[in-house]
Amino acid sequence: MGIIYSIFFGGTYVRMLSVAVITKNEAANIEDCLRSVSWASEAVVLDQFSNDGTADKAAALGAAVFQEDWKGFAGQKMSAIEKTHGDWILSLDADERVTPELQMEIEAVIREKDALNGYFIPRRNYFAGTWIRYGGWYPDYCLRLFRKGLGRFEERVVHEKLTVQGRPGYLKNPLEHYTYRSVGDFLLRMERYSRLAAAQISDKKRFFPFSGLLFRPPFTFLSMYVLRGGFLDGRKGFFLAVSYSYYTFLKYYRLLEKDLDAPD
């Protein structure tokens with residue numbers, strides 16, 4: 001995937017970009033992900049001992065592949081970043097794709113003399129093959145591009161958080177995120193996330209399970225479907241608003257019942 005150090009060219013340094021991806025059984029996604037960043041200086045894939053050929057597919061596309069046991073999302077992503085060599089890091093999930101427009105914007109930004117230390121990138125989220133434009137699903141800004149050594153992932157129960165030194169900027173062109181391939185995939189993940197979210201609330205000593213049961217689910221539906229225009233996404237917008245309302249109910253019910261342990 002090219003050289004992995006800075007080159008002095010025409011009086012300026014051309015800064016090199018490393019892509020970092022963590023995987024576990026992502027054979028269905030990893031090829032498209034890596035092909036979308038084939039222009040980067042290098043790609044590092046940290047695999048959690050997949051049994052579906054993920055590592056072999058990544059290596060065949062030129063990625064530097066490593067395998068390690070699970071250390072949590074933040075720990076795994078930081079371990080992948082530590083194995084990179086570029087001046088800049090683009091942290092991706094296996095189900096994300098970089099468009100040609102975003103590629104050009106990233107390449108331009110990291111060449112700027114006064115570039116900031118990190119950048120939020122909007123995400124275009126797809127549900128079962130359809131871009132969900134409303135309901136709070138777009139633009140879904142995520143901090144993903146940053147100077148190596150100046151950004152760090154912090155562990156949280158549900159979703160890890162990336163922070164950078166200094167004020168981050170915002171890019172215009174979105175990542176494409178092919179999350180939730182089907183209704184079944186969505187429901188399975190909601191089951192897991194509801195337990196994790198309940199555990200996170202419990203850890204923070206925020207004990208309002210009964211009021212959460214009564215008021216938060218209908219508010220979630222109202223916010224997604226009406227206030228944020230989810231109805232404009234048709235029946236999938238309705239499904240997502242109902243499902244997130246149920247997810248909200250489920251996490252507070254589990255908190256009330258102390259049903260916080262992950263299933264076997």
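The numbers here are math on the coordinates, done by the rules we state, and not lab data. Just so we're clear, the structure is a prediction, and the values are computed from it rather than from any experiment. Neighbour counts are summed over all protein chains in view; Cβ atoms, including those assigned to glycine, are modelled from backbone coordinates with ideal geometry.
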message: At 0.36 nm per residue, and after removing the present C-alpha to C-alpha distance, how many nm does the segment from Arg152 to Phe219 gain when stretched out fully?
response: 20.8 nm
statement: Violations at 28 Å Cα threshold for listed pairs Lys24/Lys113; Lys83/Lys236; Lys57/Lys148 -> Lys24/Lys113; Lys83/Lys236
task: Quick one: compute the contact order of the chain, relative version, from alpha carbon pairs under 8 angstrom and 6+ residues apart, as a percent.
output: 17
query: Between Ala59 and Lys161, what FRET efficiency comes out of the Förster formula 1/(1 + (r/R0)^6) with R0 = 30 Å and r the beta carbon distance, rounded to 0.05?
result: 0.50
query: What order do you get for 89-96, 53-60 when each peptide is scored by the mean count of other beta carbon atoms within 10 Å, highest first?
result: 89-96, 53-60
query: Given 0.36 nm per residue, what is the gain on full extension from Arg181 to Gln67 after removing their alpha carbon distance, in nm?
result: 38.5 nm
- request: Please give the contour-minus-distance gain from Lys24 to Phe238: 0.36 nm per residue of separation, less the Cα-Cα distance, rounded to one decimal in nm.
  value: 74.0 nm
Kyte-Doolittle mean at least -1.0 and Cα axial length at least 20 Å: DSSP H helices in the chain: 183-203, 234-257
